[in-house]
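Data first, discussion second: the structure below is written as structure tokens.
Computed from the coordinates by the stated procedures, all read-outs in this text should not be read as laboratory data. The shown structure was predicted, so the numbers you read here are calculated from the model rather than taken from an experiment. We place every Cβ from the backbone using ideal geometry, glycine too, and count neighbours over all the protein chains shown.
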Amino acid sequence: TFSDTLVWQSRGPYNVGGRSRTILVDPDDPNGETWYAGTAGGGIWKTEDAGESWSDLTPELPNLSTVTLCMAESNHDLIFAGTGEGFGGIGMITGDGLFKSSDRGETWNRVESTRNEDFFYINDIWVSPTDEDMLMLATNRGIYKTLDGGDSWDTVYRSGYRVQDLVQNPEKPSTIYAAVNTIGTIKSYDNGSTWTVINEGFKDIARLALAVSPVDTSYVFASAEKKNGTMAVYISTNSGESWL
């Protein structure tokens with residue numbers, strides 16, 4: 001079993017209100033010791049020594065419910081942070097839009113176009129690997145896309161259910177999967193401009209998280225919470241067209 005071979009050690013950050021919802025590892029640290037952590041109620045933290053010590057990057061941020069972080073692949077100084085716990089349930093903290101740092105997390109500014117109810121719960125962020133101004137947000141109201149760095153947004157998908165996850169095919173970056181609670185998975189071949197439901201095989205699901213295999217991208221994995229409260233893992237071997 002995994003417990004026989006893997007030893008887990010708490011790395012913090014400590015004394016932070018809420019849970020650590022997202023971790024971003026700095027790709028330019030050759031030692032892999034520089035991380036960013038987004039917490040459910042304590043903002044964004046940074047470590048440069050693999051968690052031995054942490055610095056609070058956002059003590060003045062007007063909303064501290066940071067649930068997703070994304071660094072632009074084409075510009076590592078640019079980091080986006082989505083706020084709001086969109087999972088449902090007692091104690092979930094309402095967010096207040098998308099925040100942006102142009103200096104690797106040292107300072108943050110709100111993307112003012114996201115200061116409305118459509119962006120109260122940003123569950124995941126996707127940024128084009130070649131264009132830092134093209135990004136999408138998975139929210140409780142659907143998927144929103146911008147081509148101008150967030151000055152304006154188009155609603156590219158809406159179903160009435162929470163969109164929980166956005167995952168890119170590493171070999172075909174324009175192919176993106178999204179996890180939609182209750183519905184299952186949807187897929188885009190055009191950088192998220194249009195979407196198709198691909199959920200054959202899912203049964204009574206409530207919430208999903210997705211991953212695409214980097215070894216063989218025809219394999220897609222879905223970790224699911226079912227409506228009866230049990231957990232399940234689904235596997236697709238045909239790029240999401242059907243699930244087992």
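Over the stretch 69-166, Cα pairs under 8 Å with separation of 6+ residues give a relative contact order of 23 percent. Dipole check for the chain: with +1 at the C-beta of Lys and Arg, -1 at the C-beta of Asp and Glu, and the Cα centre as origin, the magnitude is about 1160 Debye. Across K203, K100, K46, mean-square fluctuation computed from a Gaussian network of the chain (C-alpha pairs under 10 Å connected) peaks at K203. Straight-line reach from K226: which aspartates and glutamates have Cα under 17 Å away, leaving out those fewer than 8 places along the same chain? Answer for K226, where 17 Å is the Cα cut-off: D165, E200, D204, listed by chain and number. All Cα-Cα separations within the chain were binned at 5 Å from zero, giving a P(r) of 1, 6, 13, 17, 19, 18, 14, 8, 2, 0, 0, each value a whole percent of the pairs.
The three principal axes of the C-alpha atoms in the stretch 68-181 carry coordinate ranges of 37, 33, 23 Å, sorted with the longest axis first. Across the chain, Cα pairs under 8 Å and at least six residues apart give a relative contact order of 9 percent. Run down the lysines and flag those whose C-alpha is under 29 Å from the C-alpha of K172, throwing out any fewer than 8 positions away in its chain. The reachable lysines, counting only those whose Cα sits under 29 Å from K172, are K100, K145, K187, K203. Find which of N140, S223, N109 sits farthest along the positive direction of the dipole of the stretch 85-244, computed with +1 on the beta-carbon of Lys and Arg, -1 on that of Asp and Glu, about the Cα centre. Result: S223. For K46, the aspartates and glutamates whose Cα comes closer than 17 Å to its Cα, not counting residues fewer than 8 places off in the same chain, are D26, D28, D29, E33, D56, E60, D77, D103, E106.
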